[in-house]
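To start, the structure under review is shown below, and the notes come after it.
The values are calculated or read from the model by the stated rules, or taken from the named source; none is laboratory data. Since the model is a prediction, treat every value here as computed from it, not as a measurement. Virtual Cβ from ideal backbone geometry, glycine too; neighbours counted across all protein chains shown. Note: accessible area is taken over every heavy atom of the protein model, side chains too, but ligands, DNA and RNA are not part of it. Shrake-Rupley method; radii C 1.70, N 1.55, O 1.52, S 1.80 Å.
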Amino acid sequence: MKKNGKLQFRVSSRENGAPFKWLAGAFGFLEETDISQKTDMIYQDAMTDIDTTGYAVFGEGTLTFFKRLHLTAGLSYDVRDMEGNKTDYGVAISQDLDNEELLPKFSVGYDLADSAFGYFTVSKGYLSGGYNYCLATDNASFTYDPEYTWNYEAGLKTQWLGNRLQANLAVFYIDMTDKQVYEMSSGASPTSTVDNAAEAHSQGVELEIQARPARGWDLSVAWGYTEAKYDDWIATEWNSDYTDLTRTDYSDKKLPNVPAYTGHVGIQYRHPGGLFVRGDADVIGPLYADHHNNFEEDAYCLIDLQLGYECERFDVVLYGKNVFDTTYNTIAYDWSGEKMVQDGDPAIFGIRATYRF
């Protein structure tokens with residue numbers, strides 16, 4: 001069970017054409033999570049309580065030179081305080097996690113023309129640490145550390161034909177340290193845990209096109225290619241028959257559950273009277289389900305369709321998701337040489353009605 005509350009505010013400079021623009025703000029949240037683990041074999045429950053307090057303050061400013069060159073600098077200060085307590089078969093575990101991070105961002109942009117904008121951005125990011133509530137039996141195994149990234153992106157954004165055609169291209173590189181990895185192991189008691197690998201990277205390219213070829217028609221196309229690999233990670237783990245610990249080198253292995261490519265095509269026609277029809281196709285490329293790269297998931301395509309009527313007071317939409325009932329896996333893992341999967345949703349058809357008072 002999870003309870004949470006959030007609060008956020010921000011202020012910014014006026015859009016008056018001045019050469020300097022700025023934005024500042026803050027947000028905070030409280031979250032309480034209660035986790036109960038039950039088993040039919042042992043008549044005792046494991047209980048874990050996690051309380052999280054988080055807040056951040058941030059600011060960003062952009063200075064424009066010669067009406068074309070834009071220099072941006074930003075900084076965010078992020079704090080996460082977590083308290084975790086677990087009672088498991090009479091064993092009590094308690095540990096606090098305190099994360100404080102300064103996250104800078106720098107960007108250079110240039111208006112190549114009235115309809116073309118080029119940019120380069122560098123930013124630091126992190127993913128907070130957390131708790132292994134499923135497996136932990138002591139404080140050492142109860143927590144895992146944050147994951148850190150440096151993100152580099154360069155791109156080009158363009159507009160054509162009176163803004164009826166937009167084409168954007170971006171290339172990126174992400175350098176990861178203390179990479180968080182999700183692992184599963186089996187034996188007498190199947191377990192799962194999050195651990196920190198050493199170093200990894202992700203790089204790729206993304207292309208996006210949006211067009212309005214005629215009145216009422218909208219077309220969108222997107223494609224992305226990603227290569228994500230471990231650069232340096234030697235893990236200590238059990239051998240196949242769980243009799244001894246071995247060292248396994250995962251360097252140059254691909255990160256699990258990262259598709260080699262993704263694609264999207266969407267087309268919609270909207271009549272001035274309120275009727276519309278829309279179709280979307282999403283392609284997910286092949287990926288590996290395990291760190292060893294032994295189990296490869298095949299690429300698949302999902303088709304969604306909508307037919308509806310929209311007006312000022314109400315909407316009625318007939319929809320179908322995965323209309324061809326494609327079989328696919330949303331999650332897959334290596335479970336001691338066997339592949340364990342979670343099936344994706346089958347074909348779903350329905351009707352959605354909305355009325356506005």
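With the whole protein complex present, Arg356 retains an accessible surface near 90 Å², based on a 1.4 Å probe.
For the set Arg80, Arg215, Arg10, Arg270, solvent exposure ranked by accessible area (probe 1.4 Å, protein chains only) runs largest to smallest as Arg215, Arg10, Arg270, Arg80. All Cα-Cα separations within the stretch 293-333 were binned at 5 Å from zero, giving a P(r) of 5, 16, 19, 15, 11, 11, 8, 7, 5, 2, 1, each value a whole percent of the pairs.
In the complete set of protein chains, residue-level accessible area for His70 is approximately 40 Å², probe 1.4 angstrom.
Express the C-alpha Rg of the chain as a ratio against the empirical globular expectation 2.2 N^0.38 Å, rounded to two decimals.
After normalising by residue count via 2.2 N^0.38 Å, the value is 1.20.
Among Asp98, Asp232, what's the order by accessible area (1.4 angstrom probe), most exposed first?
Listed by decreasing accessible area, they come as Asp98, Asp232.
Note on His271: accessible area approximately 90 square angstrom, rounded to 10, probe 1.4 Å, nucleic acids and ligands left out.
Can you give the translational diffusion coefficient of the stretch 202-357 in µm²/s, computed by Stokes-Einstein from the Kirkwood radius over Cα pairs at 37 °C and 0.692 mPa s? Can you show the working numbers first?
Values: Rh = 18.9 Å.
In µm²/s, the coefficient is 174.
The charge dipole of the chain, taken about the Cα centre with unit charges on the Cβ atoms of Lys, Arg (+1) and Asp, Glu (-1), comes to about 2420 debye, rounded to the nearest 20. When Trp217, Trp233 are compared by accessible surface with a 1.4 Å probe, the order from highest to lowest is Trp217, Trp233.
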